[in-house]
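Here the structure comes first, spelled out in structure tokens, and everything after it is commentary.
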Amino acid sequence: MTEREGVIKYRLDYTETEPCLPEPLEAIQQWRLTLFQLELIGQNPGRYGGLGYGNISIRYGDGFIISGTQTGGVEQLSPEHYALVEYCNPLTNHIIAKGPVKPSSEALTHGTVYALDDTIQAVIHVHSPEIWLNRARLQMAETPADVPYGTPEMAQAVKNIWRQGLLSLNTVFAMAGHEDGVVSFGRDMNEAGMAMLNTFQWARTFELNDAIETGEHPAGSQYF
């Protein structure tokens with residue numbers, strides 16, 4: 001059964017405030033647009049019940065700035081589409097946030113990734129059937145299939161693959177229990193974005209090679 005996308009599962013203490021200043025968002029905006037154009041972030045009536053999918057964040061002070069819940073369908077985000085997460089505790093499933101919009105349903109997972117190491121400055125969560133279905137061929141780390149997104153169990157699963165050293169060479173991992181869910185991270189937004197983009201390109205290459213062998217024409221091959 002496909003899990004309903006975009007549902008906030010954590011306990012949220014949210015205060016509606018004015019948007020954050022645009023300067024911290026400069027590193028996010030171009031990558032967010034690129035991922036939207038590749039349909040790695042977006043909203044499609046034929047996918048996930050028509051709900052928005054994918055989100056992006058950057059570390060800010062003691063917390064992080066993240067795209068708001070159900071903003072996937074907006075092509076060009078503005079400061080009104082971001083929330084500031086001031087506190088994130090995966091063990092108690094608790095987030096404190098403020099801004100003009102509530103944080104993404106995946107904010108708990110973003111907070112978990114930031115807690116892994118102080119050098120992690122950016123996190124991207126996309127939905128890519130190309131990557132997700134080829135994760136074994138891409139030799140990607142993945143969280144267990146019985147672990148749902150946005151939960152303390154997912155947070156613990158991410159910690160486990162980090163502690164096992166499975167993310168030391170490849171900073172992209174799949175959520176086996178979250179259809180098409182893929183996460184990347186990096187020391188800055190460019191590093192997180194390029195890790196995701198390179199993985200996407202490899203996945204498309206696998207699909208293109210498979211299509212050539214079977215004589216089919218793969219959808220989306222215009223990217224190559």
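The values are calculated or read from the model by the stated rules, or taken from the named source; none is laboratory data. Just so it is clear, the structure is predicted and the values come from calculations on it, not from any experiment. The protein model used for the area step is the full one, side chains on, heavy atoms only, and it has no ligands, DNA or RNA in it. Shrake-Rupley method; radii C 1.70, N 1.55, O 1.52, S 1.80 Å.
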For this session: For the chain, with a Gaussian network of springs between Cα atoms less than 10 Å apart, report the residue from TYR114, TYR82, TYR60 with the top mean-square fluctuation.
Result: TYR60
For this session: Could you check which residue among PRO79, PRO22, PRO100 shows the biggest mean-square fluctuation in a GNM of the chain with a 10 Å Cα cutoff?
Result: PRO22
Exercise. If you build a Gaussian network model of the chain, linking Cα atoms that sit under 10 Å apart, which residue out of GLN43, GLN121, GLN164 swings the most?
Worked result: GLN164
Problem set entry | Bridge type composition, the chain - antiparallel percent by DSSP, nearest 5 | 75 percent
Seminar exercise, completed: Helix 26-37 sits off the longest principal axis of the Cα atoms of the chain, rounded to the nearest 10 on a 0 to 90 degree scale, by 40 degrees
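When ligands, DNA and RNA are left out and all protein chains stay put, how many square angstrom of accessible area per residue does the chain have with a 1.4 Å probe?
Details: 10550 Å² over 224 residues.
Dividing the accessible area of the chain by its residue count gives 47 Å².
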Exercise. Hey, what do the phi angles of segment 182-191 turn into as Karplus ³J(HN,Hα) couplings, whole Hz, using 6.51/-1.76/1.60 and θ = phi - 60°, x for Gly and Pro?
Worked result: 9, 10, 10, 8, x, 6, 7, 5, 5, 5
Seminar exercise, completed: With all protein chains present, the chain has a carbon and sulfur share of its accessible area (1.4 Å probe) in percent of 51 percent
